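Rule-based calculations on the coordinates, nothing more; no lab input. Note that the structure is a prediction, hence the values are computed from the model and not measured. Please note: Cβ atoms are built from the backbone with ideal geometry, for glycine as well, and neighbour counts cover all protein chains shown.
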Amino acid sequence: MHWNILESTIPRNLKELKEILIKNRDLIGNKLFFSPKKPQDIVIKNVGIDKSQLKQAVKRIFQAIKNKDKVVIFGDYDADGVCATAILWQALNDLGCEVMPFIPLREKHGYGLSNKALDDLLAKNKPDLIITVDNGIVAHEPAQRVIDAGIDLIITDHHQPEGKLPIATAVVHSTKLCGATVAWILAREMMKVAKKKVDKYWQLDLAAIATIADQVPLQGANRSFAKYGLEALRKSERIGLKALLIQDNQDQKTINSQSVGFGIAPRINAVGRLDHSLDALRLLLTTNKARAEQLAKTLSEINVQRQDMTYEMYGHALAQSDNWKQEHIIIVHSEKYHEGVVGLIAGRLMERFYKPVIAISVGDKIAKASARSVPGVNIVELIREVRDDLLDVGGHPMAAGFGMEANKLENVIARLQKLAKEKIDKKLLKPSINVEAVIPFELINEKTINMVAEFAPFGQGNREPILGFKNVEVLQVFTMGADKQHLKVVGKGTDGVTPINFLFWRRGSLSEKIVIGEKIDVAGVLEINEWNGKKSVQVRVKDILLT
């Protein structure tokens, strides 16, 4: 992998390293980065929401409360959609609204506001108002069906629109936020109109989970939601979240973006991939401790099933690697792939091979696909080039999904591969990482970790600082995990500093190439490891260069 070393000067101390991080992020003089606006103070126009549409949505909701209308929140089955549903349900419930949630089943209904989902929803109890969260912006036909049925419709979403917006009572939309924070803004405006006071962390624990899980760029308003939301998470009294943290062996006081991204969010997502997300919603909203513990255990058990399934399907996908060596896009498919896991397969393949990836679950009649992309390649726009062969498509520049008739599989693959070669520059497919600077071993300490944490939370749009370590002498090499899939190298620098552990997740195969006594260059992230009450500094490896 190519290293883009952003600063050639080697910092001699902590002050110089901090100056490098500030310079690399173009943050000189940007005081708002370290002290962003609180979400309560975010201005509507700055996040791309149409103020008149927002007012119309709030007006219709208060009519519903006054008239005792039946309201349904139509959510989504991922962490963003579940959190959005919980935020809006809780706000409406607090205002005395007669409100029920509806979250579609992935396999039965497909994604978002769909005709199949409406069949089930309208068969049970026809509502007076449907409010979508984290979906609906491309649901033209189902939206028209809702209106034709005499039901008012408010769409709140953050996905990329497709042409004109659907017909609705109001459309509260922004591509600058995640689905849950669009819903949070709507809920905030409702509370203002109702003149209800809320505390400074109101619903921000859920906003943080969604913002981090959905991998929106952590800049501007998103940084505000993530930063203050993480503070709210550390203080949250939500018993469901507390129970989930116990299942993940997490200390609530030290929650950060990584613990959300790799601990909380996967458990919420897993139930939506393999079961019904209503259990995740119940976990976030329950006030019963025993129920919370039961639901947290259920989510964790389903997450283990998801991990096992992903590992097996990823291995199957890797066996097809000869098929994509010359392609500008990786496309894998199988009747064995579970549609709830194809996004994870796509993500792993993208990380490993640094190409856009589409993973497809092929059924008897319908095939469902999930895509992940690399920077510079707008995957949803590429897929829309073959829209005439698809049943539906939606998503973001970096992640998308679509459905098609199974008998069109080969044709769609051929068209996408051809388009990828025509439109994707090979330069975008060369794996590289941005290394902030090469640092001396004496800066591998807890003080450096604490300084770097001032730039948190990290995620899309605010990368976690990757540092370079040159001429690391290899003392020991291990593989870890049940299948020896992880790599651990113990190494030291020429300055004789205490040996450091370097952990490279899912790269155990490299152990055969690393020789004890030889020197390697490592790029990675400094972090604290806590084990049996003891703290130590370690490096989470992003790349190793054999010298």
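Okay, here's what the table says:
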quantity: Three-way shape label, the stretch 39-235, alpha-carbon gyration tensor, a/c 1.5; calculated: prolate
quantity: Shape category assigned to the stretch 244-318 from the gyration tensor of Cα positions, a/c cut at 1.5; calculated: oblate
quantity: Lysines with Cα under 21 Å of K423, excluding same-chain neighbours fewer than 8 positions away; calculated: K325, K355
quantity: Counted charge near K470, where neighbours are those whose Cβ lies closer than 10 Å (Asp, Glu -1; Lys, Arg +1); calculated: 0
quantity: Between the stretch 399-419 and the stretch 144-195, the Cα center-to-center distance that results, in Å; calculated: 30
quantity: Over the stretch 178-248, equivalent-ellipsoid semi-axes from the Cα gyration tensor in Å; calculated: 20, 17, 10
quantity: Peptides 419-429, 175-185, 442-452 ordered by average Cβ neighbours within 10 Å, highest first; calculated: 175-185, 442-452, 419-429
quantity: The chain, relative contact order [Cα under 8 Å, separation at least 6], %; calculated: 13
quantity: Helix 221-235 vs. the chain, principal-axis angle (Cα, 0 to 90°, nearest 10); calculated: 80
quantity: Listed pairs K470/K542; K116/K336; K59/K196 exceeding 18 Å between Cα atoms; calculated: K116/K336
quantity: Listed candidates (i) 28.6; (ii) 24.7; (iii) 26.9 - label of the one calculated as Kirkwood radius over Cα pairs in Å; calculated: (ii)
quantity: Whether the stretch 40-83 is rounded, prolate or oblate, judged on the alpha carbon gyration tensor where a/c under 1.5 counts as rounded; calculated: oblate
quantity: Segments 272-282, 219-229, 188-198 sorted - mean Cβ within 10 Å per residue, highest first; calculated: 219-229, 272-282, 188-198
quantity: Given charges at Cβ of Lys, Arg, Asp, Glu: the stretch 228-387 dipole, positive-most of I246, I330, V377; calculated: I246
quantity: The stretch 39-235, relative contact order [Cα under 8 Å, separation at least 6], %; calculated: 23
quantity: Full-stretch length increase - K59, E518 - with 0.36 nm per residue and alpha-carbon distance subtracted; calculated: 158.3 nm
quantity: Residues R463 and N67, FRET efficiency given R0 of 56 Å [Cβ-Cβ distance, rounded to 0.05]; calculated: 0.70
quantity: Over the chain: helical MRE at 222 nm, DSSP H runs n ≥ 4 each giving -39500 (n - 2.57), nearest 500; calculated: -12000 deg cm²/dmol
